[in-house]
Amino acid sequence: MSSSSRAPVVAPNRVLRACLYATLLVFAVYYLLPLYVMVMNSLKTLDEIRQGNMLAPPREWTVKPWGDAWSRAQIGVEATGLRPYFINSVLMVVPAVTISTVLGALNGYVLTKWTFRGANVVFALILLSCFIPFQIVLIPSARVLGFLGISGTTAGLVLIHIAYGIGFTTLFFRNYYASFPTELIRAAQIDGAGFFRIFWSILLPSSGPILAVSAIWQFTNIWNDFLFGASFGDFDSIPMTVALNNLVSSSSGVKEYNVHFAGAILAALPTLLVYVLSGRYFVRGLTAGAVKG
Amino acid sequence: MSFLQIRDLEKSFGGLRVLKGLNIEIDAGGFLVLVGPSGCGKSTLLNAIAGLETIDGGDILLEGRSLTGLRPSARDMAMVFQSYALYPNMTVARNIAFGMEIRGVPKAERERAVRDVAETLQIGHLLKRRPSQLSGGQRQRVAMGRALVRSPRVFLFDEPLSNLDAKLRVDMRTEIKRLHQRLGATIVYVTHDQVEAMTLATHIAVLRDGALQQFATPVEIYNDPANLFVADFMGSPSMNLIPAVVERDGDGLVISMTRAREDALRLRVPQGLRRLYDGLGGRVGEEVIFGMRPEAIGEAAEAGDGDGGGVVSGECEIELVEPAGSDTYAVTTLGGVEVTARLRAESGVTAASRHVLTFALDRSVYFAPKDGTRLA
């Protein structure tokens with residue numbers, strides 16, 4: 001083979017490449033700017049914010065707004081900061097995500113590997129719940145929570161979020177398990193494994209990517225939910241999002257913008273962390289099944 | 001009494017009958033091969049035996065006791081799947097031991113059993129690996145190990161070799177045959193490969209569209225096919241099936257096949273072949289399908305040479321010669337179809353020339369063109 005034929009068939013166009021990178025850079029800055037503004041202003045004193053120039057870094061760095069937002073800011077009647085509400089959110093999110101994911105996985109397992117007459121109808125009905133707007137179910141939900149005697153409690157919020165989450169988690173797991181080889185289930189049946197044993201020993205260990213997808217999706221939605229928290233939350237069950245709103249929109253006293261910025265970042269941090277830590281599974285899980293590995 | 005008995009078995013999916021009243025039985029230690037084109041119901045039948053598929057009629061009996069209603073694990077059968085179906089999250093050792101683990105077999109006993117099986121199949125060095133780290137042939141061995149470790153009453157194989165490359169397939173085929181001989185196990189084996197069926201089976205059941213075409217030993221299936229479908233499906237290269245007309249010549253019968261650009265080839269049926277006279281005597285003037293295995297057509301030096309017994313000869317135009325190392329295949333056209341003769345490797349036959357071929361009519365079979373039923 002002659003040396004000339006080793007040259008790349010298409011020569012890289014340096015100008016085009018530069019334009020591409022410049023565009024990407026502009027968009028990256030565009031998306032990161034709000035985060036930059038929030039972080040910078042949360043580290044300034046209130047006086048410095050009042051002087052204007054939101055984009056400038058702090059002349060005098062301080063972490064006091066973070067401390068205030070976490071444990072001292074006035075929210076509602078007491079000056080507790082966001083901490084108790086953060087704990088409320090955690091107490092709500094962890095069981096809601098866990099239970100809705102497990103139920104979704106079981107639904108997906110049954111709908112693909114133990115199909116029965118009318119399985120597709122059942123799946124369509126479960127899927128329909130993904131498309132019902134939150135507002136429509138507020139009154140019926142309130143009635144149900146009242147009937148069960150758990151209105152205004154964290155348990156009540158957990159129940160609502162599970163009910164709403166099952167549609168999505170079922171969709172995720174059904175589509176993932178649809179491409180899971182049925183012969184494996186049959187082999188396990190011949191080995192003597194029962195319904196739950198197959199689920200636990202064969203299916204779940206192969207479900208890593210889709211478990212991550214379901215957990216991230218559910219975590220983000222439930223953590224960020226405002227409507228249900230505002231509608232069904234009570235003093236000891238109000239989630240972080242509602243508390244942040246109360247903090248920012250309180251009409252008494254001075255508006256402590258630096259504390260508000262710090263509080264908003266605190267409220268957004270868990271979802272950000274979850275995505276950074278398991279985001280690569282998210283992408284892998286969403287594309288799994290499209291190409292059989 | 002038969003060891004495994006399938007009685008009037010019926011199975012439908014929706015309104016579609018996929019198994020139509022099957023009756024098959026084999027003795028302990030038998031090697032039953034279910035063979036047929038795809039969609040013939042052979043895998044459904046295997047799944048029904050395993051208990052993975054319910055049945056809609058008839059019964060399956062093992063040692064005289066009905067298996068109906070028994071869960072797959074309660075039937076004491078082991079199955080090897082086409083895709084091997086190894087648990088991807090478990091090591092090879094755990095894959096093999098999983099069934100015992102569920103049955104609560106103590107750990108020490110499990111480990112000993114796994115070691116024994118690993119030694120039999122020469123997979124000892126793979127025990128700690130995961131299925132994804134194995135080659136196709138190794139996965140196949142592990143899948144067999146998982147079946148062997150149970151010492152079940154029946155082994156079920158669902159096209160176990162179809163995912164292997166040609167060389168490995170032949171090796172594993174030999175290995176399965178050897179295992180069967182050594183263990184004396186009863187095996188039901190599904191394949192669409194008729195060579196596998198011929199080489200492995202003690203009995204073959206040929207299926208088509210859910211109906212049993214023939215159930216017999218490989219030799220019978222090969223030499224004495226029950227109908228046109230079996231004759232065509234079994235054997236490689238396949239049987240020559242030549243449109244021919246039965247004619248009367250004096251007190252004898254003649255099989256006449258048209259040829260392009262020359263007179264029909266007329267083969268006089270020797271008087272000794274009572275089978276042919278009985279089957280074809282009433283069909284004079286009718287068209288039949290004349291079936292000859294390639295090896296039943298041979299080569300003779302000149303016309304009349306080699307005649308005698310059930311063998312007759314005729315001169316044919318050889319169109320094509322295909323040396324295949326061990327044999328040489330010669331192709332001519334009779335009755336409008338290509339006819340292959342299997343000759344010796346050192347045969348002097350050359351293409352585009354005339355040679356005398358011998359036809360062993362004692363090994364010929366005849367079918368009705370309309371429905372493929374056997375005439376003689």
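Just one of the listed residues (A:SER151, A:SER129) is assigned to a helix (DSSP H, G or I) and under 28 Å from A:PRO270 (Cβ atoms), and it is A:SER129.
Is one or more of the residues making up region B:276-286 modelled with pLDDT of 90 or more, touching a Pro at 6+ places or on another chain (Cβ under 8 Å) and closer than 30 Å to B:GLY36 by Cβ? No, that holds for no residue.
With respect to the conditions (1) out of contact with any Leu (no Cβ under 8 Å at 6 or more places or on another chain); (2) farther than 30 Å from A:ALA178 by Cα, A:TRP66 lacks only one, and its number is (1). Taken together, B:ASP263, B:ASP232 contain a single residue that is without any contact (Cβ under 8 Å) to a residue 12 or more places away in the chain and under 21 Å from B:ARG342 (Cα atoms), which is B:ASP232.
What's the total number of residues in region B:20-32 that are surrounded by 16 or more Cβ atoms within 10 Å (Cβ to Cβ) and over 16 Å from B:MET77 (Cα atoms)? Result for region B:20-32: 4. When only residues in region B:31-72 that are charged (D, E, K, R) and in contact with a Lys or Arg (Cβ under 8 Å, 6 or more places away or on another chain) count, which is nearest to A:ASP191 (Cα to Cα)? Taking the candidates together, the pick is B:GLU53. Could you say whether any residue in region A:106-121 is under 21 Å from the mean Cα position of the chain (by Cα), among the small types (Gly, Ala, Ser), outside any loop (DSSP other than H, G, I, E, B) and under 29 Å from A:VAL242 (Cβ atoms)? No, the conditions are met nowhere in region A:106-121. Taking residues in region A:196-217 that are at the interface with chain B (Cβ under 10 Å from one of its Cβ atoms) and free of Cβ contacts under 8 Å to residues at least 12 places away in the same chain, and partners anywhere that are of a type in the set (A, V, I, L, M, F, W, C) and part of a helix (DSSP H, G or I), the pairs with Cβ atoms closer than 8 Å and at least 6 places apart or on different chains are A:ARG197/A:ALA188; A:ARG197/B:ILE102.
Matching residues to (1) more than 20 Å from B:ALA260 (Cβ to Cβ); (2) buried (at least 17 other Cβ atoms within 10 Å of the Cβ); (3) in contact (Cβ under 8 Å) with a residue 12 or more places away in the chain; (4) charged (D, E, K, R):
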{"position": "B:VAL288", "(1), (2), (3), (4)": "yes, yes, yes, no"}
{"position": "B:ILE297", "(1), (2), (3), (4)": "no, yes, yes, no"}
{"position": "B:LEU320", "(1), (2), (3), (4)": "no, no, yes, no"}
{"position": "B:GLY325", "(1), (2), (3), (4)": "yes, no, yes, no"}
{"position": "B:VAL337", "(1), (2), (3), (4)": "no, no, yes, no"}
{"position": "B:THR358", "(1), (2), (3), (4)": "yes, yes, yes, no"}
{"position": "B:LEU361", "(1), (2), (3), (4)": "yes, yes, yes, no"}
{"position": "B:SER364", "(1), (2), (3), (4)": "yes, yes, yes, no"}
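Of the strands (runs of 3 or more DSSP E) that lie entirely inside region B:25-108, those containing 2 or more residues that are within 12 Å of another protein chain (Cβ to nearest Cβ) span B:77-80. Among (1) at the interface with chain A (Cβ under 9 Å from one of its Cβ atoms); (2) under 18 Å from B:SER151 (Cα atoms), which single condition is B:ARG115 missing? Going through (1) at the interface with chain A (Cβ under 9 Å from one of its Cβ atoms); (2) under 18 Å from B:SER151 (Cα atoms) one by one, B:ARG115 breaks only (1).
The values are calculated or read from the model by the stated rules, or taken from the named source; none is laboratory data. Please read these numbers as outputs of a predicted model, since none were measured by experiment. Reconstructed Cβ throughout: ideal geometry from the backbone, glycine too, with neighbour counts over all protein chains shown.
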